[in-house]
Amino acid sequence: MDPFNSFRDYPILPGHVAILEGVWHRALEERNLSIGSEAADQLARKIAKLYQAGVKEPDQLWEMIRTV
């Protein structure tokens, strides 16, 4: 299964935005990316797609986003 092209489409709930943002900021820091850059925007979209595909755990999101 390709999590970036999943048939499921879970909504991003308000309580989970902080989790996604935490993973995103951690990835930005690791990759030395600036907020507002195209690469940072693409990374945010990938994290959101993973979440919407059913990846809900921060550690699992982190491990998956590190490989893309």
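Within the stretch 27-68, the set of residues being at negative phi, among the polar types (S, T, N, Q) and assigned to a loop (DSSP other than H, G, I, E, B) comprises Ser34, Ser37, Thr67. Any idea which residue in the stretch 40-63 is modelled with the lowest pLDDT, counting only those that are farther than 16 Å from His25 by Cβ and among the polar types (S, T, N, Q)? Among those residues, the one meeting the criterion is Gln52.
The values are calculated or read from the model by the stated rules, or taken from the named source; none is laboratory data. The model shown is predicted, which means the values in this text are computed figures rather than measured ones. Neighbour counts run over all protein chains shown; Cβ positions are idealised from the backbone, glycine included.
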